1. Going by the conditions given, is residue 59 over 29 Å from residue 343 (Cα atoms), among the hydroxyl-bearing types (Ser, Thr, Tyr) and either in contact with a Ser or Thr (Cβ under 8 Å, 6 or more places away or on another chain) or modelled with pLDDT of 95 or more (or both)?
2. Looking only at the range 90-131, which residues are aliphatic (A, V, I, L, M), surrounded by fewer than 24 Cβ atoms within 10 Å (Cβ to Cβ) and touching a residue at least 12 places away in the same chain (Cβ under 8 Å)?
3. For residue 138, which of the numbered conditions (1) at pLDDT 95 or above; (2) in contact with a Leu (Cβ under 8 Å, 6 or more places away or on another chain); (3) not hydrophobic (A, V, I, L, M, F, W, C); (4) not assigned by TED's automatic domain parsing to the domain that holds residue 180 fails to hold?
4. Please tell me if residue 225 is at pLDDT 95 or above, in the same structural domain as residue 144 (by TED's automatic domain parsing) and buried (at least 22 other Cβ atoms within 10 Å of the Cβ).
5. Look through the range 9-66, keep the residues that are in a loop (DSSP other than H, G, I, E, B), touching a residue at least 12 places away in the same chain (Cβ under 8 Å) and on the phi > 0 side of the Ramachandran plot, and return whichever of them is surrounded by the fewest Cβ atoms within 10 Å (Cβ to Cβ).
6. Looking at this structure, is residue 116 closer than 23 Å to residue 360 by Cα, in contact with a Pro (Cβ under 8 Å, 6 or more places away or on another chain) and of a type outside the set (S, T, N, Q)?
7. Which condition breaks for residue 254 when tested against (1) within 25 Å of residue 204 (Cβ to Cβ); (2) at pLDDT 95 or above; (3) hydrophobic (A, V, I, L, M, F, W, C)?
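The values are calculated or read from the model by the stated rules, or taken from the named source; none is laboratory data. Note that the structure is a prediction, hence the values are computed from the model and not measured. Using ideal geometry, Cβ is built from the backbone for each residue, glycine included, and neighbour counts are taken over all protein chains shown.
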Amino acid sequence: MNRSTPRARIGVVGAGMVFDAYARGLAWYGDLPVIRIADIDVGRARAKAEQHGIPAYGTPAELYADPDVDVVVNITPPVAHWEVTRDALAAGKHVYSEKPLAATVTLARENLAQAKAAGRVLAGAPDTFLGTAGQTARAAIDGGLIGTPFAATSFVRSSKVEAKHPDPGFFFQPGGGPTLDWGPYHVAALVNLLGPVAEVVGTSTIPSPRITVTTPNRVVDEVEVSVPTTVAAILRTASGAIVSTLYSFDIWDMTLPHIEVYGTEGTLNIPDPNRHDAPVLIKRRTDTDWSELPPVIAPTRAPEAGPFRGHGVNDLVESLRGQPLRVPGEFALHVLEVLEAIEQSTFAAGVRAITSRAERPAPAALPQSVSA
């Protein structure tokens, strides 16, 4: 790969907690430079620009107007995703949005229609299934190592955000909650492994209507909860596989696996999708113990390097050069529709059909890391 000439110049809107992971990941590629960062709090944008050696910072409007920015990466809070994506597309930029694509399926469809009309590419997170674990598990299923997959489980416990974030209110408001915060990683991973979802049924609850914030540098002491914080659902994929899910901000810890896939000839144990370079375990009918599958692509970083984002942005840029787009907006829309159905499901309403369809992403082939 030619690392002296940029393949695309990146502008990032949003200077919050996830920005460092994107800065780290895009720097790893070497030829996807972040040339401008923007935030409604310009001081915060300036601080991140200075920290990471980014040459320009300012307001979102200034970023959209910058002719040197080829791709806008939207990592604002979920409730702002639709507006930022709309404005970036209107300025003629390609856009990669953090999860979820928008706060609602209706708004996400508007963004997709706008991108199509403008002839721009709209792609979206999560991209973690493009990492070592997701691709190793995918190769195992495609290679028949566990026979025909017929069921799976997907569990997420509290992210303990109220003990980590100084102002975590948006995690407990529309656009947040465990379903739209953690759920995208799991559902994207499941669609990568098992294909699109056809039906959803489930239920949800809010055990605590107010949450105490314990972060040492907090700016609020309590937040009000206005979205379900424990959600359970059953998904049926178009291929007929059944998936049991439990996503919660209220369960403080548990011993359940993040994702397991059950096949006619064995089981795959798949790590937290955020740990996308962690090992995948397998146990077949004839095995007495679990074993670790050899990775099919090289890990992107040393574990101690910290959170890593950027594979999806790279995927978008490569699609502009004629390669398959593995994280298109339609994929992100399908994930969002599944999650919206999970969050809104009730037993009284019965099964909810998923109307969107997404192609199972093509397997990835990421470049070797150039540094730890």
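1. On the way: over 29 Å from residue 343 (Cα atoms): yes; among the hydroxyl-bearing types (Ser, Thr, Tyr): yes; either in contact with a Ser or Thr (Cβ under 8 Å, 6 or more places away or on another chain) or modelled with pLDDT of 95 or more (or both): yes.
Yes.
2. Here is the first cut: in the range 90-131, the residues aliphatic (A, V, I, L, M) are 90-91, 95, 101-103, 105, 107-108, 112-113, 115, 117-118, 121-123, 125, 130.
Then keep just the ones that are surrounded by fewer than 24 Cβ atoms within 10 Å (Cβ to Cβ); that gives 90-91, 103, 105, 107, 112-113, 115, 117-118, 121.
If the condition is that a residue be aliphatic (A, V, I, L, M), surrounded by fewer than 24 Cβ atoms within 10 Å (Cβ to Cβ) and touching a residue at least 12 places away in the same chain (Cβ under 8 Å), then 90, 91, 103, 105, 107, 112, 115, 118, 121 are the ones that fit.
3. With (1) at pLDDT 95 or above; (2) in contact with a Leu (Cβ under 8 Å, 6 or more places away or on another chain); (3) not hydrophobic (A, V, I, L, M, F, W, C); (4) not assigned by TED's automatic domain parsing to the domain that holds residue 180 applied to residue 138, the lone miss is (4).
4. Details: at pLDDT 95 or above: yes; in the same structural domain as residue 144 (by TED's automatic domain parsing): yes; buried (at least 22 other Cβ atoms within 10 Å of the Cβ): no.
Here the answer is no, as residue 225 does not meet what is asked.
5. First, the residues of the range 9-66 that are in a loop (DSSP other than H, G, I, E, B): 9, 14-18, 30-33, 39-41, 53-55, 59, 65-66.
Imposing the further condition that a residue be touching a residue at least 12 places away in the same chain (Cβ under 8 Å) reduces the set to 9, 14-18, 30-33, 39-41, 54-55, 59, 65-66.
Applying the additional criterion that residues be on the phi > 0 side of the Ramachandran plot yields 14, 30.
On the way: 14: 25, 30: 16.
Here the answer is 30.
6. Values: closer than 23 Å to residue 360 by Cα: yes; in contact with a Pro (Cβ under 8 Å, 6 or more places away or on another chain): no; of a type outside the set (S, T, N, Q): yes.
Against the criterion (closer than 23 Å to residue 360 by Cα, in contact with a Pro (Cβ under 8 Å, 6 or more places away or on another chain) and of a type outside the set (S, T, N, Q)), residue 116 does not qualify.
7. Residue 254 satisfies all of (1) within 25 Å of residue 204 (Cβ to Cβ); (2) at pLDDT 95 or above; (3) hydrophobic (A, V, I, L, M, F, W, C) except (2).
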